[in-house]
Amino acid sequence: MTSDKKISRKKVRRAKLTRQFRSREERIEAGRLLRETVPRESHAIWKSPDKGRDVIAILQESNKERLQELVPIRYGRMLRSPFTFYRGSAALMAYDLSSTPNIGVQVQACGDCHLLNFGLFASPERNLVFDLNDFDETLPAPWEWDVKRLAGSFALAAFDNQFGDEEAREGAIACVLSYRENLRKYSKMNPLEVWYSRMDMQSLIDTAPDQKTKKLRQEAADRARERVVENIFPKIVGSIAGQQRIVDQPPVLIHLDDPKFMEKVQEGLDIYRGTLSDERRVLLDRYRLVDAALKVVGIGSVGTRCFIALMFSEENHPLILQIKESSHSVLAPYAGKSIYKNQGERVVMGQRLMQSSSDIFLGWARGRGGRDFFVRQLRDMKFSVPVEGVTLSQIKRYAGLCGQTLARAHAKSGDAATISGYLGKGDVFDKALGDFAVAYAKQTVKDHRTLAKAVRAGHLEALNEEE
């Protein structure tokens, strides 16, 4: 390396360090000045898609690496409603968001930030916390993309509950207002305070604004606490030839017809073990693998290779791990490739960076065929709050919780002060995102019809599991 190149790299590092350690006031002002180049009102605009936007082609492209026999299940789940279509079309929205305004400030983005990817789960201390809980698409990207996808999901939820445009707009605005106000609060905290902050479910119950809300939150907590391995175990495991085995439930839970399948799973678990810290390896080593099967999960994840591994301790205490395939993030074509060569590691590191606390069994591996996976416990008190049949006030209250949670996640990795300076103390950005969310929700309704039309015409196959 030449001397000039060394000097140049030192200047770049010094410049980055200088930007990183500017005072909060300087960063607030820098954010405020960004309004001149990207007016906050500009975020309200959702332009009609251009001729190059082919909904079906984008969906088909996202299916290329999936198990093709499971793709009809994915389409069937997406067809249930515009909201389920939204859940399964993160790749389409990534394409759309890439052309919308942003101020050039990145955070660790969720990448699939909709309201059902927030919920309850158990912390390592066995406390229930409310947080983001899906990171398959996580990647450093513009903060606006997460906020817009989340706001859009609340507008769609309002439509699904038969509310009109104004109510949908109110739900989206409640989410963005909470994000803006809480991000400013986090920008005033020291980094350790932000890192340690979390939304404890018991605190949410204790601070409920009324008895009805308190009851609903307590019921959600009770249901989450039921989702532990001891209760999941009897629903998917039975005695076969005197041995405890996973029971097939086709087409969503099946054993693979591969004589070397268990050998491959054990090999993958051995690789995964190497990504755990030493004390967690000791814990994992208390269990042995006895069975594994393919499991169809979610909507956007349908068709990816997802397995569950049934393990037992010496005294037959069960542990069920989920081994989920990780492909490149849907954001990668627009935000750039991950620094991690293993996409499972990308997911794990993004999750640890965004969540307030994470599963102790989080790790990653690469299979024989070169596919990447991440590993976690199966449904460890994981519970998403249903939004069917809710009132507008309940939508707005939940939107506020999600907006606050996203603000904390972004504050952990991004420049909360610069973003806060740009957002300001008024509601200009909130209203702009309210308009965007309603317009994009209507676009999603049209896109849902496009998928339905393609299925009716026989261009795509969809499987309705309820028939």
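The values are calculated or read from the model by the stated rules, or taken from the named source; none is laboratory data. The shown structure was predicted, so the numbers you read here are calculated from the model rather than taken from an experiment. All Cβ positions, even for glycine, are placed from backbone atoms using ideal geometry, and neighbour counts span all protein chains on display.
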* **Count of residues meeting criterion [within 26 Å of residue 421 (Cα to Cα), outside any helix (DSSP H, G or I) and of a type outside the set (Ser, Thr, Tyr)] in the range 147-202** => 4
* To do: Inspect all residues belonging to the range 432-440 and state whether any of them is over 17 Å from the mean Cα position of the chain (by Cα) and of a type in the set (Ser, Thr, Tyr).
  => yes
* Test for residue 352: is it surrounded by fewer than 17 Cβ atoms within 10 Å (Cβ to Cβ) and either under 24 Å from the mean Cα position of the chain (by Cα) or outside any helix (DSSP H, G or I) (or both) -> yes
* Does the range 125-146 hold any residues that are farther than 14 Å from residue 384 by Cβ, not aliphatic (A, V, I, L, M) and not in a loop (DSSP other than H, G, I, E, B), and which are they? -> 140, 142, 143, 144, 145, 146
* Please note which helices (runs of 4 or more DSSP H) are completely contained in the range 1-73 and include at least 3 residues that are more than 30 Å from residue 299 (Cα to Cα) and either modelled with pLDDT of 70 or more or of a type in the set (Phe, Trp, Tyr) (or both). => 24-33
* To do: Tell me, please, whether a residue that is surrounded by fewer than 17 Cβ atoms within 10 Å (Cβ to Cβ) and under 26 Å from residue 359 (Cα atoms) can be found in the range 168-189.
  => yes
* Of the residues that make up the range 363-376, is at least one modelled with pLDDT of 95 or more, surrounded by fewer than 19 Cβ atoms within 10 Å (Cβ to Cβ) and assigned to a strand (DSSP E or B)? -> yes
* Structure fact -> Considering residues that are buried (at least 20 other Cβ atoms within 10 Å of the Cβ), touching a helix residue (DSSP H, G or I) at 6+ places or on another chain (Cβ under 7 Å) and farther than 22 Å from residue 45 by Cβ, the number found within the range 67-90 is 8
* To do: Pull up the range 182-240, narrow it to residues that are over 20 Å from residue 377 (Cβ atoms) and among the basic types (Lys, Arg), then point me to the one that is farthest from the chain's Cα centre (by Cα).
  => 212
* Would you kindly identify the strands (runs of 3 or more DSSP E) lying entirely within the range 203-315 that contain at least 2 residues that are in contact with a Phe, Trp or Tyr (Cβ under 9 Å, 6 or more places away or on another chain)? => 287-295, 306-313
